[in-house]
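Colleague: Structure provided below as structure tokens; questions to follow.
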Amino acid sequence: MVVSRSHVHRLLGRAGACAALVAAVAWGAHPSAQAQPGVRVLPVRGNVYMLLGAGGNITVSVGRDGVLMVDTGTEGMSDQVTTALRGLQRQLDLRDPLPIGGAETRSTVAGRNIEAPAKPIRYIVNTHVHPDHTGGNVKLRAAGRTFTGGNVAGNIADAGEGAAILAHENVQVRLLTPPAGQAPAPADALPTDTYYTDTMKLSHFFNGEGVQLIHVPAAHTDGDSLVYFRGSDVIAAGDIFLTTGYPIIDRQRGGTLNGIVDGLNRILDLSIAEFRTEGGTLVVPGHGRLSDSADVAYYRDMVTILRDRIKNMVDRGMTLEQVKAAKPTADYEPRYGASTGFWTTDMFIEAAYASLGGPKAPPAPAAPPARGRR
Amino acid sequence: MTIRRSTVLALAMLLVAFAATPSWAQTDFSGEWAPRFWEDQPERVPGPELGDYLGIPISEAARMRADTWDASIQTLPEWQCRPHSADYIWRGPSNLTISKEVDPVSREIVAFHAEWLRSVDRPIYLDGRPHPPEDALHTWAGFSTGKWDGDVLTITTTHLKEGYLRRNGLPRSDKATLTEHWMRNGEILTVMTIINDPVYLTEPFVRTTDYELALNQRVPPYPCGIVQEIDREKGKVPHFLPGTNPYLTEHASRHGIPVEATRGGAETMYPDYQEKLKTLPAPPPLTQVPPSAAAQPQSGPAPAAGRR
């Protein structure tokens, strides 16, 4: 008997199993990773670009300092991502060519028409743990380089090998302690630099601007970061914000619906529109099209309204089946709903119901303790 | 036959005149235009009444969005300066300036720019450029390209942000596309808008609107400032829970229209519907909604201690 993924989803949904379990199995198979072959590049602003079609959206800063990537897509798309990055760097060379002519002894003739090696990938930031956002960590980290020196380079022989990977500490914890039946991530996929506080700042400008990681607790997962390019005024939102469907609440990894609402409001707090509530701060969603604060506000409104409806039903003691039968998402269904695939409306309602304290909701598993700290 | 010298001169001038007129004669829409409220004045100036969806081919999802919409949502900081989108702005009570971009070499009009009071610049490109990729940013103006169909300019607009079909909560999704036909007859500009929305419409929604040339008009600046309009806890989004909006039958009662008709839908667009209208029950008498009912339905999380 051939069992399709949608069949599994239906069975699990009928059994009342947590949507998160299905999500844990199927992560990496998000529709946007399969819909169109090839990686598409969309300029965002300044040095910041968006790569689509490699799993989750990837945001990159490409410039004279090298490459900083926010998320790495799925493992299978790493080569295409690398090719896309190289293409961007070539564009940069054409747009901003090195000066022709120099010192008396330095002829530029020899270098003409010879392609310079690509500037290295120096930083990778993971917005969260899922493999459609971290699957390319191993290959893309290996393609990069960390500049170091002094005692560090002397004492740690491989300190310069590969790009640095930055993430909230819970990303590292979740990668090392996956759900039962899944293997821990290989060492080269793990964050090299983690933070456990509210925010982490890159210690210096990169490609002319500051880059800040902002932790949003218990949202899509328990390790979500917003990545704020402060000069370009671009926020990479990870899966806290999507334009493709209802928010995905990974309860098994500490996600909550209220945390997602808080995360969306946090994005709005950081954003300033250019004029008439559009433009200005641009937001790259975890999946879907380039957005601004108005798009986030529409999404925030939708998620808040659905949260309020489902919470009202939970408070009135309605069962999960009664909530589903009441169709609390009906007005948003043609835009965000799905009856098949990776994240269905039923899965969203199940996760929202449980997240809001539905009577039959199993408690969300706590995050495993972090190692070697505090 | 003798041809007089003056006749030859006149013919020559005519020839020059014709030669100077390109075969692709383009209507010039540039100028200052004032709205004329010959159609749907109550909707366009004072604004539509709550619960009035009559004559609009809305889907069930659109009806539910509007039924649960609370006008107080407009007071959220994110929406205070929101302009009407390209499809709705024609119906707003705003004056319009249309300017043109002319290519300095070909002297062809390569773009029109439409700009209303309280709105954004809306370029309509005529130079053959393609629309952006689907993943590009969506805006209030959308991305518009035009082509000539004789004297009529037909415009296709994509990349619209979510907007509204009416100012009473009827939504229009960001998946919608807009087709327009601009027609100029002397000093009258008539625009037909056709909205296709796979999310909130079951059939195309067609409207026409007229503007009149206004030589002494100048559209003033209209800056917009965001303020805290209502003291509410952070994160609250005004809305009615399904089934709790007390205002939905006011329009029907006030105008003596059967409630079912005010619920809209494609059926209510067509003349045949008038026959059905006669068979529908009369609306309930108008009752005053107590202020407490109006304030009650706004839901949200319990305010945190020492909120804001």
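Colleague: When you look at the Cβ of every residue in B:60-70, what mean number of other chain Cβ atoms sits within 10 Å?
Modeller: That works out to 3 on average.
Colleague: A further question follows. Sticking to Cα atoms, compute the Rg of the range B:37-91 to one decimal and its Dmax as the biggest Cα-Cα distance, whole number, in Å.
Modeller: 12.7, 34
Colleague: Calculate the length of the line joining the C-alpha centroid of the range A:248-263 to that of the range B:46-103, in whole Å.
Modeller: Going from one Cα centre to the other spans 32 Å.
Colleague: Cα-based Rg of the range A:278-357 per 2.2 N^0.38 Å, rounded to two decimals?
Modeller: Scaled against compact globular proteins, the figure is 1.22.
Colleague: Could you give the angle, 0 to 90 degrees to the nearest 10, between helix B:5-20's Cα long axis and the longest principal axis of the Cα atoms of chain B?
Modeller: Between the helix axis and the principal axis of chain B, the angle is about 40 degrees.
Colleague: Cα-Cα pairs above 17 Å in the range B:138-190: how many percent?
Modeller: 48 percent
Colleague: OK, next. Could you tell me which of rounded, prolate or oblate describes the range A:152-196, using a ≥ b ≥ c as the square roots of the eigenvalues of the alpha-carbon gyration tensor, with rounded for a/c under 1.5 and, failing that, prolate when a/b is larger than b/c and oblate otherwise?
Modeller: Numbers: a/c = 3.24, a/b = 1.88, b/c = 1.72.
Note, shape of the range A:152-196 comes out prolate.
Colleague: Which of the trypsin sites (Lys or Arg not before Pro) found in the range B:180-280 are in a DSSP loop and have at most 15 neighbouring Cβ atoms, other than their own, within 10 Å? Don't skip to the answer; put the middle values down first.
Modeller: Numbers: sites: B:Arg184, B:Arg207, B:Arg218, B:Arg232, B:Lys234, B:Lys236, B:Arg254, B:Arg263, B:Lys276, B:Lys278; in loops: B:Arg218, B:Arg232, B:Lys234, B:Lys236, B:Arg263, B:Lys278.
Sparse-neighbourhood loop trypsin sites (Lys or Arg not before Pro): B:Arg218, B:Lys234, B:Lys278.
Colleague: Between B:Trp38 and B:Gln26, what is the label-to-label distance in nm when each label sits 7 Å out along the Cα-to-Cβ direction?
Modeller: Each label point is offset 7 Å from its Cα along the Cβ direction, giving 2.8 nm.
Colleague: Of all trypsin sites (Lys or Arg not before Pro) in the range A:229-337, which ones are in loop regions per DSSP and have a Cβ with at most 15 other Cβ atoms within 10 Å?
Modeller: Of the trypsin sites (Lys or Arg not before Pro), the ones in loops of the range A:229-337 whose Cβ has at most 15 other Cβ atoms within 10 Å are A:Arg230, A:Arg316.
Colleague: Mind running the shape call on the range A:165-322? Use the C-alpha gyration tensor, a ≥ b ≥ c as the square roots of the eigenvalues: rounded below 1.5 for a/c, prolate if a/b tops b/c, oblate otherwise.
Modeller: It comes out oblate by the Cα gyration axes.
Colleague: What are the radius of gyration and Dmax of the range A:161-237, computed over its Cα atoms and given in Å?
Modeller: Rg and Dmax of the range A:161-237, Cα atoms, are 13.7, 44 Å.
Colleague: Right, here's the next one. Sequence gap at least 6, Cα distance under 8 Å: using those rules, report the relative contact order of chain B to the nearest whole percent.
Modeller: Averaging sequence separation for qualifying contacts and normalising by length gives 23 percent for chain B.
Colleague: Which value results when the Cα radius of gyration for the range B:54-146 is divided by 2.2 N^0.38 Å?
Modeller: Expressed relative to 2.2 N^0.38 Å, the Cα Rg reads 1.39.
Colleague: Using a ≥ b ≥ c from the Cα gyration tensor of chain B (square roots of the eigenvalues), is it rounded, prolate or oblate, where a/c under 1.5 gives rounded and otherwise the larger of a/b and b/c decides, a/b for prolate?
Modeller: Because a/c hits 1.5 or more and a/b exceeds b/c, chain B counts as prolate.
Colleague: Using the structure shown, list the pairs from A:Lys119/A:Lys201; A:Lys119/B:Lys175; A:Lys311/B:Lys234; A:Lys327/B:Lys236; A:Lys201/A:Lys311; B:Lys161/B:Lys236 with a Cα-Cα distance above 28 Å, or answer none.
Modeller: Those over the limit are A:Lys119/B:Lys175; A:Lys201/A:Lys311.
Colleague: Could you pull out the GluC sites (Glu not before Pro) across the range B:170-250 that fall in loop regions by DSSP (anything but H, G, I, E, B) with no more than 14 other Cβ atoms inside 10 Å?
Modeller: B:Glu187, B:Glu229, B:Glu233
Throughout, read-outs are computed from the coordinates displayed, never taken from laboratory work. Everything numeric here is computed off the predicted structure, so don't read it as measured data. Cβ: placed from backbone, ideal geometry, glycine included. Neighbour counts: every protein chain shown.
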